[in-house]
Amino acid sequence: MKKIVCTGPESSGKSTLAIAIAQALAVHRVPEFARTWLEHLGRDYVHQDLYTIANGQRAWEAWHLNRSMADAKPMMVCDSDWTVIHIWEKYKYQSNLVCPKHRFPSADLYLLCKPDMPWVYDPLREHPLERDQLFMEYEQLLLDMGANYCVVRGGASPERVNMALEAIKGLV
């Protein structure tokens, strides 16, 4: 089973890229649990809620993993994973209790989305001016982990998707 994760700052095209790759490869896409959960929370989130979000993301990944294992192409594309929660927690709460980098498995390939497109308002997004700083945090985390990753650039262009698909070719 190969696990590919789209990661990076908010409004950097993670969801768009995950959808495009999953469609191009005809594999399962694991949505971002945090978005669905926060849209239905009914209140502002607090630090403790990150535990629920981390566990929910892991549960969704496990569910999709089970479905993917039966497929001819045992691969899944995750629109987010624990790396997003780790950076979110570190940046917002100056903590790493929920998702310390030693506690979660790495993906086979991380697609680190460069925020080289205009920021788009969304009520769940909080840091329109810090995207470049957050990008550097993500890259440092991936370097510290020794993760296999590729920086994808090009906004919402087809070149971005092609860049990601080229990186994925090395896995199969």
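The values are calculated or read from the model by the stated rules, or taken from the named source; none is laboratory data. Treat the numbers as computed from the prediction; the structure is a model and nothing was measured. Heads up, the Cβs are rebuilt from the backbone with ideal geometry, glycines too, and the neighbour counts pull from every protein chain shown. We work out accessible area using only protein heavy atoms, side chains counted, and drop any ligands, DNA or RNA first. Shrake-Rupley method; radii C 1.70, N 1.55, O 1.52, S 1.80 Å.
Can you tally the net charge around SER68? Count Lys and Arg as +1, Asp and Glu as -1, for every other residue whose Cβ sits under 11 Å from the Cβ of SER68.
Details: positive: LYS2, LYS3, ARG29, ARG67, LYS73; negative: GLU61, ASP71.
Taking every Cβ under 11 Å from that of SER68, the sum is +3.
Pairs of Cα atoms in the stretch 87-172 fall into 10 Å distance bins, from 0 up to the last occupied one, in shares of 15, 41, 36, 8 percent.
Determine the sum of side-chain charges near SER80: Lys and Arg each +1, Asp and Glu each -1, restricted to other residues whose C-beta is under 9 angstrom from that of SER80.
Values: positive: LYS14, ARG35; negative: GLU32, ASP79, ASP81.
Taking every Cβ under 9 Å from that of SER80, the sum is -1.
Overall size of the stretch 43-90 from C-alpha positions, given as principal axis extents largest first: 41, 18, 13 Å.
Computed in the context of the full set of protein chains, the accessible area of the chain at 1.4 Å probe radius has 55% of its extent on carbon or sulfur. Calculated [222 nm] ellipticity per residue, helices only, for the chain: -14500 deg cm²/dmol; basis is -39500 (n - 2.57) per DSSP H run with n ≥ 4, divided by all residues, nearest 500.
By per-residue mean of other Cβ atoms within 10 Å, what is the highest-first order of 16-25, 46-55? Write out the running numbers ahead of the final one.
Details: 16-25: 18.9, 46-55: 15.5.
Taking the mean over residues of other Cβ atoms within 10 Å, the ranking is 16-25, 46-55.
Net charge near TRP119, counting Lys/Arg +1 and Asp/Glu -1 over other residues with Cβ under 14 Å of its Cβ? Intermediate values should be presented prior to the final figure.
Details: positive: LYS14, LYS114, ARG125, ARG131; negative: GLU10, ASP116, ASP122, GLU126, GLU130, ASP132.
Net local charge, TRP119 excluded: -2.
Computed over Cα pairs, the Kirkwood radius of the stretch 1-69 leads via Stokes-Einstein (1.306 mPa s, 10 °C) to a diffusion coefficient of 119 µm² per second.
Remark: the chain carries 50 Å² of accessible area per residue (probe radius 1.4 Å; ligands, DNA and RNA excluded).
Stokes-Einstein diffusion coefficient for the stretch 123-172 at 25 °C in a medium of 0.890 mPa s, Rh from the Kirkwood formula over Cα pairs: what value in µm²/s? It would help to have the intermediate numbers written out before the result.
On the way: Rh = 12.8 Å.
Rounded, D is 192 µm²/s.
Start at zero, step by 10 Å, and the Cα-Cα distances of the chain spread as 10, 41, 39, 11, 0 percent across the bins.
Cα-Cα over 20 Å: which of LYS14/LYS114; LYS3/LYS73; LYS2/LYS90; LYS14/LYS73; LYS2/LYS114? Those over the limit are LYS2/LYS90; LYS14/LYS73; LYS2/LYS114. Using the Karplus relation 6.51 cos²θ - 1.76 cosθ + 1.60 with θ = phi - 60°, the per-residue 3J(HN,Hα) values for the stretch 84-98 come to 5, 5, 4, 5, 4, 5, 4, 6, 7, 10, 6, 9, 9, 6, 6 Hz, with x marking Gly and Pro. The antiparallel fraction among DSSP beta bridges confined to the chain stands at about 0%. Relative contact order, whole percent, for the chain stands at 35, derived from Cα pairs under 8 Å and 6 or more residues apart. Compute the separation of the alpha-carbon centres of the stretch 122-172 and the stretch 1-25 and state it in Å as a whole number. Cα centres, the stretch 122-172 to the stretch 1-25: 9 Å.
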